[in-house]
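A.B. asks: Here you go, one structure.
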Amino acid sequence: MIIPEVISNEAGLKTLFRADINETYHSIHGAAAESLHVFIEAGLQHWISQNKSQQVQILEVGFGTGLNAMLSLISAQDLQIKINYCAYETIPLPFALVNSLNYAVNWPSSFNNLFEEMHANNWNQWQHLTPHFSLLKLQESILLAEPKQTFDLIYFDAFAPDKQSELWTIDLFKKLYSCLNPGGVLVSYTAKGQVRRNLLEAGFRVERIAGPPRKRHMVRASKLPKP
Ligand SMILES: C[S@@+](CC[C@H](N)C(=O)[O-])C[C@H]1O[C@@H](n2cnc3c(N)ncnc32)[C@H](O)[C@@H]1O
């Protein structure tokens, strides 16, 4: 069984590290800052500004620690919108390990029970965590998945392309494009040339935009809205 280890930077900010692939779960410079920039601001807030909708269907590739899901839950409440969040994951993590990362410093303590519930609740069934946020965690590889619904926003948070090249392919991006609604958006933390070329080949319109702290760029890819 693969159990990642906890590592800290010089400021005491923590993330998980997979020694077998020599890869961290988040930026070593701050998990929450990266997640907020890439997924919440460049993804969720951008999509809402373009679509003016009160309901968002989100697909996440790599639930991991649940940090992106938790920040989305909080945003849903702040923005008074409804998010249905479907997350794929192959290696579920024990809550004790996730909790030791101290991500709870990033939100009011009144949300802590929800973070625990998010992890404790069953896989493969919808959990209605708040009136604004429902979660479906699917313990399945995105490579084998055949999503039964369509989405507005995709958080593509797989391990880096040089560590997990099988996830950054034209084929997988084509599958994700086909389950995206018109006007839908995919965001990810890397803007590597090959990733952008594969997204383009899969049909997306691709932008390289400002990245999170200490990273120049990230990618935002969109499916054109209906004319
Ligand atoms: C970079 S980490 C990001 C985790 C997460 N978004 C978070 O905030 O903690 C990548 C995650 O993708 C998961 N993963 C790897 N291969 C996968 C696959 N084929 N399908 C779904 N998830 C996968 C990993 O187990 C890991 O949890």
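The values are calculated or read from the model by the stated rules, or taken from the named source; none is laboratory data. This is a predicted model, so every value here is computed, not measured. Here Cβ is always computed from backbone atoms with ideal geometry, including for glycine, and neighbour counts include all displayed protein chains.
A.B. asks: What number goes with the only condition from (1) surrounded by 15 or more Cβ atoms within 10 Å (Cβ to Cβ); (2) under 18 Å from the mean Cα position of the chain (by Cα) that P213 does not pass?
C.D. replies: (1)
A.B. asks: Continuing with the same structure: For I142, which of the numbered conditions (1) within 12 Å of the ligand (Cβ to nearest atom); (2) not in a loop (DSSP other than H, G, I, E, B) fails to hold?
C.D. replies: With respect to (1) within 12 Å of the ligand (Cβ to nearest atom); (2) not in a loop (DSSP other than H, G, I, E, B), I142 is out only on (2).
A.B. asks: Tell me yes or no: at least one residue of the stretch 44-65 is among the polar types (S, T, N, Q), outside any strand (DSSP E or B), surrounded by 20 or more Cβ atoms within 10 Å (Cβ to Cβ) and at pLDDT 95 or above. Outline the logic, then answer.
C.D. replies: Just the residues of the stretch 44-65 that are among the polar types (S, T, N, Q), to begin with: 45, 49-51, 53-55, 57, 65.
Those still in the list that are outside any strand (DSSP E or B) too: 45, 49-51, 53-54, 65.
Retained after the next criterion (residues that are surrounded by 20 or more Cβ atoms within 10 Å (Cβ to Cβ)): 65.
Checking the rest, the ones that are also at pLDDT 95 or above come to 65.
Scanning the stretch 44-65, I find at least one residue that is among the polar types (S, T, N, Q), outside any strand (DSSP E or B), surrounded by 20 or more Cβ atoms within 10 Å (Cβ to Cβ) and at pLDDT 95 or above, so the answer is yes.
A.B. asks: Among (1) under 19 Å from E89 (Cα atoms); (2) free of Cβ contacts under 8 Å to residues at least 40 places away in the same chain, which single condition is R205 missing?
C.D. replies: Result: R205 passes all but (1).
A.B. asks: Could you tell me whether any residue of the stretch 87-100 is among the hydrophobic types (A, V, I, L, M, F, W, C), surrounded by 22 or more Cβ atoms within 10 Å (Cβ to Cβ) and part of a strand (DSSP E or B)?
C.D. replies: The answer is yes, given that some residue of the stretch 87-100 is among the hydrophobic types (A, V, I, L, M, F, W, C), surrounded by 22 or more Cβ atoms within 10 Å (Cβ to Cβ) and part of a strand (DSSP E or B).
A.B. asks: Another question about this same structure. Does the stretch 175-197 hold any residues that are under 26 Å from L135 (Cα atoms) and away from the ligand (no atom under 16 Å from the Cβ), and which are they?
C.D. replies: Y177, S178, L180, N181, P182, G183, G184, V185
Here is a yes/no grid of residues against (1) of a type in the set (V, I, T); (2) touching a His at 6+ places or on another chain (Cβ under 9 Å); (3) without any contact (Cβ under 8 Å) to a residue 40 or more places away in the chain:
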site: S49; (1), (2), (3): no, no, yes
site: G66; (1), (2), (3): no, yes, no
site: I81; (1), (2), (3): yes, yes, no
site: L93; (1), (2), (3): no, yes, no
site: A96; (1), (2), (3): no, no, yes
site: A104; (1), (2), (3): no, no, yes
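A.B. asks: Regarding the stretch 7-21, can at least one residue be identified that is within 30 Å of N181 (Cβ to Cβ) and near the ligand (Cβ under 9 Å from one of its atoms)?
C.D. replies: Applying the first criterion (within 30 Å of N181 (Cβ to Cβ)) to the stretch 7-21 yields none.
No, there is no match, as no residue in the stretch 7-21 is within 30 Å of N181 (Cβ to Cβ) and near the ligand (Cβ under 9 Å from one of its atoms).
A.B. asks: Okay, moving on. Can you name the number of the only condition in (1) under 15 Å from the mean Cα position of the chain (by Cα); (2) touching a residue at least 40 places away in the same chain (Cβ under 8 Å) that P182 fails?
C.D. replies: For P182, the failing item is (1).
A.B. asks: Does N122 meet the test of being loosely packed, with under 14 Cβ neighbours inside 10 Å, over 18 Å from the mean Cα position of the chain (by Cα) and part of a helix (DSSP H, G or I)? Let's see the steps before the verdict.
C.D. replies: Working: loosely packed, with under 14 Cβ neighbours inside 10 Å: yes; over 18 Å from the mean Cα position of the chain (by Cα): yes; part of a helix (DSSP H, G or I): no.
In short, no.
A.B. asks: While we're here: Filter the stretch 155-169 for residues that are buried (at least 19 other Cβ atoms within 10 Å of the Cβ), assigned to a loop (DSSP other than H, G, I, E, B) and within 9 Å of the ligand (Cβ to nearest atom) and give the result.
C.D. replies: First, pick out the residues of the stretch 155-169 that are buried (at least 19 other Cβ atoms within 10 Å of the Cβ): 155-158, 168.
Keeping just the survivors that are assigned to a loop (DSSP other than H, G, I, E, B) gives 157-158, 168.
If the condition is that a residue be buried (at least 19 other Cβ atoms within 10 Å of the Cβ), assigned to a loop (DSSP other than H, G, I, E, B) and within 9 Å of the ligand (Cβ to nearest atom), then D157, A158 are the ones that fit.
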